[in-house]
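What follows draws every value from the coordinates through simple rules; no lab data is involved. The structure presented is a predicted model; accordingly, all values stated were derived computationally and were not measured. Cβ placement follows ideal geometry from the backbone for every residue including glycine, while neighbour counts extend to all protein chains displayed.
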Amino acid sequence: MASRVWGCLLCVCVLIASVVSIRAAEGESDSGEYVVTLDHSNFSDTVSKHNFIVVEFYAPWCGHCKNLAPEYEKAASILSSHDPPIILAKVNANDEANKELASEFEIRGFPTLKILRNGGKNVQDYKGPREADGIVAYLKKQVGPASTEIKSAEDAGIIDEQTIFIVGVFPEFSGEEFENFTILAEKMRSDYDFGHTLDAKLLPRGESAVNGPTIRLLKPFDELVVDFQDFQLDALEKFVDEASMPIVTIFNADQTNQPFLVRFFNSPYAKAMLFLNFSSELFDAFKSKYHDVAVLYKGKDISFLLGDLEASQGAFEYYGLKEDQAPLIVIQNMDNQKYLKANVQPDHIAPWLKEYMDGNIKPFKKSEPIPQVNSEPVKVVVADSLHDIVFESGKNVLLEFYAPWCGHCKKLAPILDEVAISFENDADVIIAKMDATANDFPNEIFDVQGFPTLYFKSASGNLLQYEGDRTKEEIIAFIQKNCDKTVQQDSVKDEL
Ligand SMILES: *[C@@H]1O[C@H](CO)[C@@H](O)[C@H](O)[C@H]1NC(C)=O
Ligand SMILES: *[C@@H]1O[C@H](CO)[C@@H](O)[C@H](O)[C@H]1NC(C)=O
Ligand SMILES: *[C@@H]1O[C@H](CO)[C@@H](O)[C@H](O)[C@H]1NC(C)=O
């Protein structure tokens, strides 16, 4: 499902990676001349006519989409004169009419770009850069063969030493191993560059004599080169996934780390992140101790990142951390719970990680401070007051989850104010709001897939999501219909 929260989490991932400020403005991006606009009515027709077409699913409110728009348009204009022309298209996934299309493509963040081949029969994620020249170079490669033959030392020049390159070394270009390699290359071509050769001596690293079909992964970190000889498809894919992930992902201003950061933040595993000032004199000690634990827990469903304070502003905001807590380790587990060790020393790393792995550390919650004064009609709820105000108050509570950058939330704000004012004399009803970007809340209770999301908890504990129109009248009617009268000692006495 296309959703704004996911969109935003991904935005944050990209934000963390590129240290761009988080601002999603409203409004439609300008239509250019070369990017083809598609919608639910003409999508299939258009796609079926092309062997190769790129589709961007975007949302008008998403800032990253706006940044991409001029670059995408420029790339489209350059690629229109490629032979054969490469078509770049876009779909507004935020448009109600296109939501089914977006869900068919499992769009979870914006912008998401898909490469559709064979009239749409094969779909791949676009994993390339987001500026025009990068888009052009990446797509030119995608439209060619999945793997390039390396016949000479000159051909080997296509191996970029800064990224991962995967080479199949074969005694001949036939047989089941070669076929499986070709299938792998087709399947993973949007993630990695592939080549094949008859002569391992042409490759910049690794054994020059190989016995039988071998897949060799060249990478700019850790062991630099890894060979593998099991050509079962699943085994090949697993090998590439594992060998291509650094033992410790580095997060600093160096742009060449970006693809690894994106993979780190998108990985399904628990994430351990150590943030410190890379200029610190203890940096080497931290790095080596941290590397040791990363090696120790390799293959245990946890990935490791080492981040420089200078580059991590976005991550600090996202995880609700403060600079004076650095050096710190934060772990986000697979259930999205967070664990924090602030002001850590190199020697604390291994024992704390062990405590975490043993299940002896309590999760920590991101929360804004509980406001001293909460006298506006719409009450402010933060993570630390959610329990008291929403679950334990015995009141009927309408709670809005909002994001500060969300335009629809801004539009709703004065309406909620009016709703709150209309219930001001009803002590049984609370209208409240929570900044969902600054406060953790239990995801298993509140399924917040977009902003604003409104939940209603009745006095007796019924929980409902409000999905009606965002008008004062409808919201009031909804509350009146679903609200339970609380037994209020005082008023009962008064009536007696
Ligand atoms: C698809 O339909 C939309 C909306 O009617 C239109 O703006 C767009 O130009 C159409 N695209 C093509 C390729 O026909
Ligand atoms: C190629 O992959 C298929 C599917 O995984 C597998 O059954 C077959 O054994 C593989 N061939 C070789 C030579 O490993
Ligand atoms: C990191 O440390 C250096 C040297 O001590 C200092 O100049 C710099 O301001 C620090 N950076 C941050 C973000 O604290």
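Here are the numbers for the structure shown:
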{"item": "FRET E, pair Ile421, Lys354, Förster distance 56 Å, beta-carbon r, rounded to 0.05", "result": "0.55"}
{"item": "Total charge dipole magnitude, the range 261-378, about the Cα centre, Cβ charges on Lys, Arg, Asp, Glu only, Debye to nearest 20", "result": "440"}
{"item": "The range 248-357 shape via C-alpha gyration tensor axes, a/c threshold 1.5", "result": "rounded"}
{"item": "Among Tyr72, Ala438, Ala477 the positive-end extreme of the charge dipole of the chain (Cβ point charges)", "result": "Ala438"}
{"item": "Long-range amide H partners of Ala89 with built H, under 5 Å", "result": "Val36, Val54, Val55, Glu56"}
{"item": "Folded to 0 to 90 degrees: helix 472-482 orientation relative to the chain principal axis, Cα", "result": "80"}
{"item": "For Val225, residues with placed amide H under 5 Å, excluding near neighbours", "result": "Lys219"}
{"item": "Cα gyration tensor category, rounded, prolate or oblate, for the range 336-477 with a/c compared to 1.5", "result": "prolate"}
{"item": "Charge dipole magnitude, Cβ of K and R +1, D and E -1 - the chain, Cα centre, debye nearest 20", "result": "140"}
{"item": "Spatial separation of Cα centroids for the range 328-375 and the range 181-240, in angstrom", "result": "39"}
{"item": "Cα-projected label distance for Ala209 with Glu310, points at 7 Å along beta-carbon direction, nm", "result": "4.8"}
{"item": "Simple Cβ-charge dipole of the range 379-495, Lys/Arg +1 and Asp/Glu -1, about Cα centre, in debye nearest 20", "result": "260"}
{"item": "Rounded, prolate or oblate (a/c below 1.5 giving rounded, otherwise prolate when a/b exceeds b/c) for the range 147-243 by Cα gyration tensor", "result": "rounded"}
{"item": "In order through the range 427-440: 3J(HN,Hα) via Karplus (6.51 cos²θ - 1.76 cosθ + 1.60), integer Hz, x for Gly, Pro", "result": "5, 7, 10, 10, 9, 9, 9, 9, 6, 6, 8, 10, 9, 7"}
{"item": "Listed residue (Gly195, Leu282, Val226) projecting farthest to the positive dipole end of the chain, Cβ model", "result": "Leu282"}
{"item": "Cα-based convex hull, the chain, per residue volume (Å³, whole number)", "result": "177"}
{"item": "Nonlocal amide H pairs with Thr148, under 5 Å, H built at 1.01 Å", "result": "Phe194, Gly195, His196"}
